[in-house]
Amino acid sequence: MTITPQATVPHLLKDSDLTPARILRLLDLAADLKQHHRSGTERQELSGRAFALIFEKPSTRTRSAFEIAAYQQGGTSTYIDSHSSHLGDTESVADTAQVLSRLYDGIAYRGYQQSRAESLAAAAAVPVFNALTDRWHPTQALADLLTIREHSLRPLSASSVCFAGDGNDNVAASLLVSGASLGVDVRIAAPEPLWPDADTLREANERADAVGGRRPTVTTDLREATAGVDFIYTDVWVSMGEPEGIWGDRVHQLLPYRVDRAVMEGTGNPATKFLHCLPSIHDGSTRVGARIADEFELVGAEVSDDVFRSSRSLVFDQAENRMHTIKAVLVDAARRVRGIG
Ligand code: CP
Ligand code: NVA
């Protein structure tokens, strides 16, 4: 099991930066912060603190979650999109990291390459939080696990989740490693070319072994992977940064993994719930959804509209939990910088 040395700066660049104990601690902190926020007893631990949010890709949830989490904790944030800073154009990643470190208490980064997040962290004197890259989406996995813990009939270490679809994407990788760290039975149902890469799987296996959990299952057989499962999770079939031209191939490859009512009912577990990180192509109402409907005669891609809207769907609870878990990440990092975490 690889735990990246954090030196004195508590970066969160990928799921393997977190020990299982730290993941659990973040979930507990998020649950606590959520409860205090709801009951109007939130105590502000980020007052006077500022966060730079560098987003080179679009975002609804993650950006909002960082901004609102900082605000509710008494801090502030600056949103920097791909057109409004000098990053990459006339200013290097390293120079940007050094400048922002003089002004801010943390930097959230969403971008194309994981290597850029790592370069930013290497030059930053303040924590860098991965807000999604091509390889990892660690803050998503924290929200996923909090949602699973809230809605599972069993403890996390006895719960199961099947990710169906692009098993090699960022959301799947983070779920695999963070889920396995807590003993969750994680199953990936995907065509072979879209299986998780070997390093991610090795890390997940080692983490499962370390906590005595079941090693992740990776299979082409959706029915096998969903048998008795507590949660079925899917994500978009084409991720940000991938060319729109691959939609045809992905529809062909992933149609057998689409989550519809038959898949939900076929688990044999009447309590199976549905998860999705969002955004989702579940109908024809968006530009991409309309294109899929038009070109492939498919209304909704990775999930059918009826499953998305059903009472089994937890997608909006999951979306809300992005904020509570990101708040936990910011508060935890601030405590660690102060030497009390
Ligand atoms: N799930 C997620 O990361 O959503 P956004 O792209 O809206 O941030
Ligand atoms: N895999 C998706 C996740 C979006 C939150 C993407 O990277 O676009």
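Applying 1/(1 + (r/R0)^6) with R0 = 25 Å to the Cβ-Cβ distance of residue 47 and residue 24 gives a FRET efficiency near 0.40. Computed from the C-beta positions of residue 240 and residue 205 and an R0 of 30 Å, the FRET efficiency is 0.60 to the nearest 0.05. Modelled label positions at residue 214 and residue 84, each set 7 Å beyond Cα in the direction of Cβ, lie 4.7 nm from each other. The magnitude of the dipole of the chain, with charges of +1 and -1 set on the Cβ of Lys/Arg and Asp/Glu and taken from the Cα centre, is near 1240 debye. Taken along the Cα-to-beta-carbon direction at a fixed 7 Å, the label points for residue 316 and residue 252 span 3.8 nm. Amide H contacts under 5 Å for residue 129: 12, 107, 108, 109, restricted to partners 5 or more places along the chain or on a different chain, H placed in the peptide plane at 1.01 Å from N.
Computed from Cα atoms, the angle from the helix 198-210 axis to the main principal axis of the chain rounds to 80 degrees. In order along the range 57-71, the Karplus-derived 3J(HN,Hα) couplings, from 6.51 cos²θ - 1.76 cosθ + 1.60 at θ = phi - 60°, round to 10, x, 7, 9, 6, 5, 4, 4, 4, 4, 5, 6, 4, 4, 4 Hz, and Gly and Pro are given as x. Starting from the Cα gyration tensor of the range 1-111, take the square roots of the eigenvalues, sort them a ≥ b ≥ c, and report rounded, prolate or oblate (rounded when a/c is under 1.5, otherwise prolate if a/b is larger than b/c, else oblate). Oblate shape, in that a/c is at least 1.5 and b/c is the bigger or equal ratio.
Think of it as helices only: each DSSP H run of n ≥ 4 in the chain is worth -39500 (n - 2.57), and spread over all residues that comes to -13500 deg cm²/dmol at 222 nm. Rounded to the nearest 10 degrees, the angle from helix 170-181 to the longest Cα principal axis of the chain is 80 degrees.
Helix 287-296 and the long axis of the chain differ in direction by around 30°, with both axes built from C-alpha atoms.
Report the semi-axes of the equivalent ellipsoid for the range 61-140 in whole Å, largest first, where each axis is √(5λ) for an eigenvalue λ of the Cα gyration tensor.
Numbers: eigenvalues 72, 48, 29 Å².
Its equivalent ellipsoid spans semi-axes of 19, 16, 12 Å.
Cross-link reach is defined here as a Cα-Cα straight distance under 26 Å, omitting same-chain residues fewer than 8 places apart; for residue 57 the lysines meeting it are 14, 327. Compared with the direct C-alpha span, the chain from residue 261 to residue 9 gains 86.1 nm at full extension, assuming 0.36 nm per residue. Using 0.36 nm per residue and subtracting the Cα-Cα separation, the extra length available between residue 288 and residue 94 on full extension is 66.3 nm.
If I take R0 = 25 Å and measure r between the Cβ atoms of residue 297 and residue 221 in this structure, what FRET efficiency does the formula 1/(1 + (r/R0)^6) give, to the nearest 0.05? The pair residue 297/residue 221 has a calculated efficiency of 0.45.
Ordering 104-113, 197-206, 14-23 by mean Cβ neighbour count within 10 Å, with the highest value first, yields 104-113, 14-23, 197-206.
Values in this text are rule-based calculations from the coordinates and carry no lab data. Source: prediction; values computed, not measured. With ideal geometry, Cβ positions are generated from the backbone for all residues, glycine too; neighbour counts draw on all protein chains shown.
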